[in-house]
Amino acid sequence: MPRIWKFGDSVNTDDILPGKFAPFMAGEDVFQTFAFHYIRPEFAAEVRPGDLLIGGKNWGLGSSREYAPAALKKLQVGGIIAPSFARIHYRNLLNLGIPAFEADLTGSLNDGDEVSLDMATGRLTRGADVFQLPPAPEFLREALAEGSILAFFKKHGRFPGERSPGEHNPGEGQAQEQPSPIAP
């Protein structure tokens, strides 16, 4: 069962993966082992696939380093829940297929709590306690079914939520009645 890893406010991308451990410095095969190296040194060795991270406000601030969420993806983190995210980091998480939910559960969950998450409904359960997260939008569920937005694009040649080539809306391409420019 997934567990909770709890963090505070303003966890930045250098906290998630310090720059000196970037893939081009440490190596593509080991850079993820340095995730949270300075603030939670035990994290990379003890995190289990599907574990969830609970953060405070402004999660992922700092640079737009994609290797910070890439390290979390390689460690198979199941998602991140925080009251707010730095926008570029948020998009990098989604691009790589790491669900990110905007909700403040910092006062409700603790390190090591065992939980389950229903991605379609946004229901997070800890024993008898149920927390309702904003459900992932349909486009994101489509992407996550393929592994990430990037994997979805590679497979389908379009982004999730976009129409397939040749697909059109009913009535599209038909002449539309235009209002007369001269009032009667």
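None of the figures in this text is laboratory data; all of them are computed from the coordinates on show. Since we're looking at a predicted model, the values are computed, not measured.
Per residue of the chain, the DSSP helices (runs of n ≥ 4 H) give a summed -39500 (n - 2.57) that works out to -6000 deg cm²/dmol at 222 nm. Between the amide H of residue 8 and those of 56, distances stay under 5 Å, these residues lying 5 or more places away or on another chain, with hydrogens modeled in the peptide plane. Derived scalar couplings between HN and Hα for region 19-28 equal x, 5, 10, 4, x, 6, 9, 8, x, 4 Hz in order, rounded to whole Hz, by the Karplus curve 6.51 cos²θ - 1.76 cosθ + 1.60 (θ = phi - 60°), x for Gly and Pro. In order along region 51-61, phi translates into HN-Hα couplings of 4, 10, 9, 10, x, x, 4, 6, 4, x, 5 Hz, rounded to whole numbers, per the Karplus curve 6.51 cos²θ - 1.76 cosθ + 1.60 with θ = phi - 60° and x for Gly and Pro.
Centroid-to-centroid, using Cα positions, region 39-83 and region 91-114 are 8 Å apart. Please list, in chain and number order, the residues 5+ apart from residue 79 or on another chain whose amide H is under 5 Å from its amide H, with Hs placed from the backbone. Hits under the 5 Å cutoff: 53. In the frame of its principal axes, the chain has Cα extents of 74, 44, 31 Å, reported largest first.
Annotation: amide H-H contacts under 5 Å for residue 133 (H modelled 1.01 Å from N, sequence separation of 5 or more, or interchain): 123, 124.
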